[in-house]
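*Asks:* Have a look at this one.
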Amino acid sequence: MARIAVIDDSKLMCNLLRHMLEQGGHEVEVWEEVTAAEIHDRIQAGNPDLVLTDYQMPGSNGLTVARMARKTKPGLPVIVLTATHDPDVLEALSRVDVARVLHKPIQGEDLLRAVREALPPIPA
């Protein structure tokens with residue numbers, strides 16, 4: 001079971017993502033309205049196996065979250081959810097090596113597949 005941190009400013013989206021991920025057998029911690037300054041401390045305290053974040057949030061964005069995650073815990077996979085198809089945004093996300101960018105609306109099976117692919121293999 002993976003520990004997944006969900007970062008989104010929408011309570012509805014947090015609940016939906018939590019439900020989908022828990023149905024997939026994952027442990028979920030929701031970090032609503034987390035600021036860029038808090039991301040480092042939250043990652044260290046929660047030690048997630050993966051971070052799932054919205055791209056556009058007040059006070060932060062998926063690019064900032066991905067950068068902070070990489071700085072705090074190198075190798076930590078980050079999946080970014082977005083409604084944008086802006087090539088500049090997608091290019092910027094690829095430069096910080098996010099594991100995956102998923103476009104909204106997201107289906108549960110697509111989310112769980114992306115999580116499985118992003119997580120490191122479990123040692124035998």
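Nothing in this text is a laboratory measurement; each read-out follows from the coordinates by a stated rule. Please read these numbers as outputs of a predicted model, since none were measured by experiment. Here the Cβ positions follow ideal geometry from the backbone for every residue, glycine too, while neighbour counts run over all protein chains shown.
*Asks:* Please compute the length gained on full extension between Q44 and R3, using 0.36 nm multiplied by the number of residues separating them and subtracting their Cα-Cα distance. Numbers along the way, then the final one.
*Replies:* On the way: separation 41, 0.36 × 41 = 14.76 nm, distance 1.28 nm.
13.5 nm is the gain from fully extending Q44 to R3.
*Asks:* Which distance in Å, rounded to a whole number, links the C-alpha centroids of the stretch 102-117 and the stretch 1-74?
*Replies:* Rounded to whole Å, the Cα centres lie 15 Å apart.
*Asks:* Ordered by residue, what ³J(HN,Hα) values in Hz, to whole numbers, does the stretch 5-10 give under the Karplus form 6.51 cos²θ - 1.76 cosθ + 1.60, where θ = phi - 60° and Gly and Pro are x?
*Replies:* Working through the residues one at a time gives 9, 10, 10, 7, 8, 9 Hz.
*Asks:* Listing T72, T64, T53 from the residue with the fewest other Cβ atoms within 10 Å to the one with the most, what is the order?
*Replies:* Numbers: T72 15, T64 18, T53 26.
Arranged by neighbour count, lowest to highest, T72, T64, T53 become T72, T64, T53.
*Asks:* Still on this model: Check cross-link reach from K11 to the aspartates and glutamates: straight Cα distance under 19 Å, and skip same-chain residues fewer than eight apart.
*Replies:* E22, E27, E29, E32, E33, E38, D54
*Asks:* Another question, if that's okay. Looking only at I43, I106, I79, which one moves most when the chain is put into a Gaussian network model with springs between Cα atoms under 10 Å?
*Replies:* The residue with the greatest mean-square fluctuation here is I106.
*Asks:* Follow-up question, since we're still on this one. For the residues S10, S60, S94, what sequence is obtained by ranking on other C-beta atoms within 10 Å, fewest first?
*Replies:* Details: S10 13, S60 22, S94 10.
Going from least to most buried by this count: S94, S10, S60.
*Asks:* Here's a follow-up. If you take every DSSP beta bridge fully contained in the stretch 3-118, what fraction is antiparallel? Give it as a percent rounded to 5. Mind dumping the intermediate values first?
*Replies:* Numbers: 2 of 20 bridges.
Just about 10 percent of them are antiparallel.
*Asks:* Let me check against my output: what whole-number percent is the relative contact order of the chain, with C-alpha pairs under 8 Å and at least 6 apart? Provide the component values of the computation, followed by the final result.
*Replies:* Working: 192 pairs, mean separation 29.3, N = 124.
Dividing the mean separation by the residue count of the chain yields 24 percent.
*Asks:* Expected output is a single nm value to one decimal: the length gained when fully extending between T84 and R70, i.e. 0.36 nm times separation in residues minus the C-alpha distance. What is it?
*Replies:* On the way: separation 14, 0.36 × 14 = 5.04 nm, distance 2.26 nm.
Contour length minus Cα-Cα distance gives 2.8 nm.
*Asks:* Can you give the helix-only mean residue ellipticity at 222 nm for the chain, where every DSSP H stretch with n ≥ 4 adds -39500 (n - 2.57) and the sum goes over all residues, rounded to the nearest 500 deg cm²/dmol?
*Replies:* Working: 5 runs with 55 residues, N = 124.
My calculation for the chain gives -13500 deg cm²/dmol from helical runs alone.
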